[in-house]
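The next block holds one structure in the form of structure tokens; read it before the comments.
What follows draws every value from the coordinates through simple rules; no lab data is involved. Owing to the predicted nature of the structure, the values given are computational and were not obtained by experimental measurement. Because the Cβ atoms are built from the backbone with ideal geometry, glycine has one as well, and the counts that use them run over all protein chains shown.
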Amino acid sequence: MRSLPRPLQILTALLLLAGACSSDGGDLERAEAPSSTAPPSTTEGDDPPADGEEPTEGSDVLRLGLAGPMSLDPAAISPASVSSMILVDLVHDTLTEVDGEGRPQPGLATFDANEDRTLWRFTLGEEATFGDGAPVTADDVVASLDRVRSQGGASLAAIALEDVAAITAVDPRTIDIGLVAPSAVLPEVLASPLYGIVDRDLLPTAVGSPLNPSGAHDVEAAAPDRLVLERRRGEGPATIELRLFPDDAAAYDAMSAGELDWSPVPVDRLGDAGTAFGLGGLVPFHATLLLGVNPNVEPLARAPLRQAISLAIDRTTLTEAVFGPTAQPLRGLLPAGVAGAAGECVGFCGPDVERARQIVAQAFPEGAPPPVRLLTDDSATHQAVAGVLSEQLGAVGVELAPSSLDPTTYEATLATRQHQLFLYSTLGVGLTPASHLLAWQSSSPDNLAAYGQGLVDVALATARAEPDPAVRVARWREIEGAVLADVPVVPLAQLRTVAVVRERVRGLQVRADGSIDVAGVTFSGS
């Protein structure tokens, strides 16, 4: 057992989901819902709104504003930064890709596995080349992935490869990846931009430094605050200009001046942004907020009380009260945008105040249950959530006793697994359900509620090894339902990528993990 839960090692530095959907990691206060008044539609030659003026040059150039600390190194970025994920995704390609159904597809390489899924072979394609025309080699792949693995528990990307025993170059175009346990999800995991393949002889560093990209675009121009990419294969805009800003406010200023097509938005300016550009850029991001429920301590060892707590919580009201439009209610353990995510709430879904009251009365006929401790950190976000939960649970006869701690003490206390209720956040790697569900193995260091269920352990191992992607997704869904039926956790909220996109751009997709798809981008009037 690790001394510190691994999700917290990564996310505490981001103030525990305070800004996981924001590019610069700033704390999120509640954002007022922007006006529903949409800007007038514009075509080339019209006079657009003053703060949403269309670019007048290079109408076939896609201009993206990225904010916060930037790196071209996939091994150095945080998956909590949408801007960093977009930058790395456009510059470096991965061995695999994931389609709209969550199924792995060839990227730089095709792939196959042995019968028990303990050995995967990846074969680089003819189009797997760097910007200088040199082929991507097996040695480049080994060096790229081993650089990520070497970071150990300090990196979510490295943690997701903990079951990798060895990565071997078989020949210049062939790579074998051996696993310590059967897994059919490796190709899905490797599709994340965090595993972009880099030139081992010219490792990427600061933006503006020499770069030999493996992605679909060449670098035409590079400076510390700007990259211009020219497409050399695939589909999408011929040119992508990446403007780099110190924070969301500076990026949004450039968007308002008509210099960009997509930009993050400071939360305190979201109302104005919604009026000027609409809310099309607010898309689900896979950072989540959960209420942990320890089933091993009294009074929560009583399943009816756990069920009543889940039924008492109105996730929609909570999300609106704390986050406004920058988050959405979380329906289950699989966030929206991940394969298999439920369209409706999973488990004991509130608000059902009357049923929750009845359950509490039946479970505690002698009187009200004892107060239940709620552990939080001392951030404004956690305090706001605690206030809403106290009101909602109090309405069904469950009194909360909140306890807030500074981040360091909070982490250490969570690591003891002796708490009752507790708030915590998660962030998956890529778009695979495994990154959100394998934490519920009884032996997982990420199982903060100390939940143990032998049948769930068996089901997780079976799903992980299932070769058929459709069957695998169905099994993940069954596991999600089984875990939530025991109520060791209540899903609360899923953050959103807080950004705006100009009306002239069609088909731009920012996925739930922060990666970007520009293949279908077109421009109105072109």
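For the reader, a short list of remarks on this structure follows.
- Label zone at T409 (point 7 Å along Cα-to-Cβ), backbone N below 12 Å, the stretch 358-379: 376-378
- Each residue of the stretch 347-355 was assigned a 3J(HN,Hα) from its phi angle through the Karplus expression (A = 6.51, B = -1.76, C = 1.60, θ = phi - 60°), giving x, 8, 9, x, x, 9, 5, 5, 5 Hz with x at Gly and Pro.
- Spin-label model, A169 to V471: label points 7 Å out along the Cα-to-beta-carbon direction sit 3.7 nm apart.
- Mean-position separation - Cα centroids, the stretch 297-339 and the stretch 232-265, in angstrom: 35 Å
- Sequence ranges 323-334, 340-351, ranked by mean other-Cβ count within 10 angstrom, highest first: 323-334, 340-351
- For the stretch 192-199, putting each phi into the Karplus relation 6.51 cos²θ - 1.76 cosθ + 1.60 with θ = phi - 60° gives couplings of 5, x, 4, 10, x, 8, 10, 6 Hz, in residue order, rounded to whole numbers and with x for Gly and Pro.
- Computed over the stretch 111-218, the alpha-carbon pair-distance distribution with 5 angstrom bins reads 2, 12, 21, 25, 20, 12, 6, 2, 0, 0, each value a whole percent.
- For peptides 491-497, 136-142, 191-197, sequence by mean Cβ density within 10 Å, most packed first: 191-197, 491-497, 136-142
- Mean separation of Cα contacts under 8 Å, 6 or more apart, over the residue count of the chain: relative contact order %: 22 percent
- Pairwise FRET efficiency - V180 versus E366, Cβ, R0 = 51 Å, nearest 0.05: 0.50
- Euclidean distance between Cα centres, the stretch 187-222 to the stretch 86-118, Å: 16 Å
- For the stretch 465-526 versus the stretch 359-435, the spacing of their alpha-carbon centroids is 26 Å.
- Listed values for the stretch 109-120 are Karplus-derived 3J(HN,Hα) couplings in whole Hz (6.51 cos²θ - 1.76 cosθ + 1.60, θ = phi - 60°), namely 9, 8, 8, 7, 9, 6, 4, 9, 6, 9, 9, 10, and x replaces Gly and Pro.
- Cut-off under 5 Å, modelled amide H: who pairs with V283 long-range: T497, A499
- Under a model in which nothing but the beta-carbon of Lys, Arg (+1) and Asp, Glu (-1) is charged, the chain shows a dipole of about 1680 debye around its Cα centre.
- The ranking of I159, I359 from fewest to most other beta carbons within 10 Å of each one's beta carbon is I159, I359.
- Share antiparallel - DSSP beta bridges, the chain, percent rounded to 5: 75 percent
- Restricting the calculation to Cα atoms, the chain shows an Rg/Rh of 0.98 when the hydrodynamic-style radius is the Kirkwood one.
- Here V353 and Q151 are evaluated by their C-beta separation; at R0 = 45 Å the FRET efficiency comes out at 0.45.
- Translational diffusion coefficient (Stokes-Einstein; Kirkwood radius from C-alpha pairs) of the stretch 424-469 at 20 °C, 1.002 mPa s, in µm²/s: 189 µm²/s
- Between D60 and T205, the FRET efficiency from the beta-carbon distance, with R0 = 35 Å, is close to 0.70.
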